[in-house]
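A.B. asks: Just passing along the structure, written as structure tokens.
FYI, it's all coordinate maths here, none of it is from the lab. All values derive from a computational prediction rather than experimental measurement. All Cβ positions, glycine included, derive from the backbone under ideal geometry; neighbour counts span all protein chains shown.
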Amino acid sequence: MPHADTELTRPGAPRCHALLPCAGTGSRAGTDIPKQYQPIAGQPMVMHTLDALRAVTRLSGCVVVVAPDDGFWTTAPVGTTLARCGGATRAESVFNGLQALRDQGAEAHDWVLVHDAARCLVTPAQVNALIDACADDAVGGLLALPLPDTLKSEAGGRVAATVERSDKWLAQTPQMFRLGALQAALAATAPGFAGVTDEASAMEMAGHRPLLVRGSAQNFKVTYPEDFALAEAVLRSRP
């Protein structure tokens, strides 16, 4: 199905780049190797993620940010570039990856879509929906999902209160912003990146209001040991 005419289809349009921070250790996953390299449905998790991104034709390419001593990669898959500049935190890895994009010729007005390597169930359709929604937006935005469950606050291991959920969303990725604007937002919090939990939070601290684009419950982040079996079941259920 063709996409609507957007800023990205006009002559001289900004390009879209994908950025995949892939330098984490995944300590909560309980695996012997970083979780992004754990096999799921026949191949390392990160390869499922890259397959989805590489199927989005409007992405100019994907930069994978890995730790300087990462031994998993010998060559980069077609359509991807390795940047061995991963940092101690996700925010630092993204910040360094943005500079790697600039060093490769990306422009400040280009769009960058930052995606979690551990969200291996994202689909090209979801990525395209985000691009369609954000291409003409002044800020950019992120995939997210309205909170489906009752939300509780806690004190001492017991319920302290029930929190109103009607305006609460679960942030997902990709998160799509202008490269220069995101770089500036993160730079304002460096070197410690205090309070930065995702790219949207950095943009919020810079005074922006990112657009919320409805995602999918299947686009969850593989985090805990039981998540691997669920992700494998979903992947094997797909054509």
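A.B. asks: Identify which of 162, 25, 123 has the largest mean-square fluctuation in a Gaussian network model of the chain, with springs joining Cα atoms closer than 10 Å.
C.D. replies: Of 162, 25, 123, the most mobile in the Gaussian network model is 162.
A.B. asks: Next question, about the same structure. Kindly work out what percent of the DSSP beta bridges joining two residues of the chain are antiparallel, to the nearest 5.
C.D. replies: Working: 17 of 34 bridges.
Antiparallel bridges make up about 50 percent of those DSSP assigns within the chain.
A.B. asks: When the chain is modelled as a GNM with alpha-carbon springs shorter than 10 Å, which of 186, 142, 170 fluctuates the most?
C.D. replies: 170
A.B. asks: Now a separate question. Hey, rough spin-label estimate for residue 43 and residue 70, points 7 angstrom out along Cα→Cβ, what's it come to in nanometres?
C.D. replies: Taking the simple label geometry, residue 43 and residue 70 are separated by 1.6 nm.
A.B. asks: Here's another thing I want to ask about it. What full-extension length gain, to one decimal in nm, is calculated for residue 194 and residue 224 as 0.36 nm per residue of separation minus the Cα-Cα distance? Mind dumping the intermediate values first?
C.D. replies: Values: separation 30, 0.36 × 30 = 10.80 nm, distance 2.47 nm.
Fully extending the segment from residue 194 to residue 224 adds 8.3 nm.
A.B. asks: Please label the shape of region 155-220 as rounded, prolate or oblate, based on the square roots a ≥ b ≥ c of the eigenvalues of the alpha-carbon gyration tensor (a/c under 1.5 means rounded; beyond that, a/b larger than b/c means prolate, else oblate).
C.D. replies: Values: a/c = 2.37, a/b = 1.46, b/c = 1.62.
Here region 155-220 falls in the oblate category.
A.B. asks: Sorting 201, 216 on the 10 Å Cβ count, fewest up front, what's the list?
C.D. replies: Details: 201 18, 216 15.
With the sparsest Cβ surroundings first, the list reads 216, 201.
A.B. asks: Please enumerate, by chain and number, the lysines with C-alpha under 17 Å from the C-alpha of residue 221, excluding those fewer than 8 residues away in the same chain.
C.D. replies: Candidates past the 8-residue exclusion: 35.
A.B. asks: Spin-label point model (7 Å from Cα, Cβ direction): what's the residue 205 to residue 81 distance in nm?
C.D. replies: So the label points at residue 205 and residue 81 sit 2.7 nm apart.
A.B. asks: Once you place label points 7 Å from the Cα toward the Cβ at residue 136 and residue 160, how far apart are they in nm?
C.D. replies: Between residue 136 and residue 160, the label points sit 4.4 nm apart.
A.B. asks: Additional query: Taking the Cβ of each residue in 224, 37 as the centre, tally the other Cβ atoms inside 10 Å and list the residues starting with the fewest.
C.D. replies: Values: 224 12, 37 18.
Placing the least packed residue first, the sequence is 224, 37.
A.B. asks: Suppose only helical runs count, i.e. DSSP H with n ≥ 4. What mean residue ellipticity at 222 nm does that imply for the chain under -39500 (n - 2.57) per run, divided by all residues and rounded to the nearest 500 deg cm²/dmol? Present the calculation step by step, with values, prior to reporting the outcome.
C.D. replies: Working: 6 runs with 64 residues, N = 239.
Computed ellipticity for the chain at 222 nm equals -8000 deg cm²/dmol.
A.B. asks: What lysines does residue 152 reach when the alpha-carbon gap must be under 17 Å and sequence neighbours fewer than 8 apart in one chain are set aside?
C.D. replies: 168
A.B. asks: Let me ask something else. Suppose the chain between residue 125 and residue 32 were pulled fully straight at 0.36 nm per residue; how much longer would it get relative to their current alpha carbon spacing? Walk me through the intermediate numbers first.
C.D. replies: Details: separation 93, 0.36 × 93 = 33.48 nm, distance 3.27 nm.
Value of the extension gain: 30.2 nm.
A.B. asks: Placing +1 at every Lys and Arg Cβ and -1 at every Asp and Glu Cβ, with all other atoms neutral, what dipole size does the chain have around its Cα centre, in debye to the nearest 20?
C.D. replies: Computed charge dipole of the chain: roughly 220 debye.
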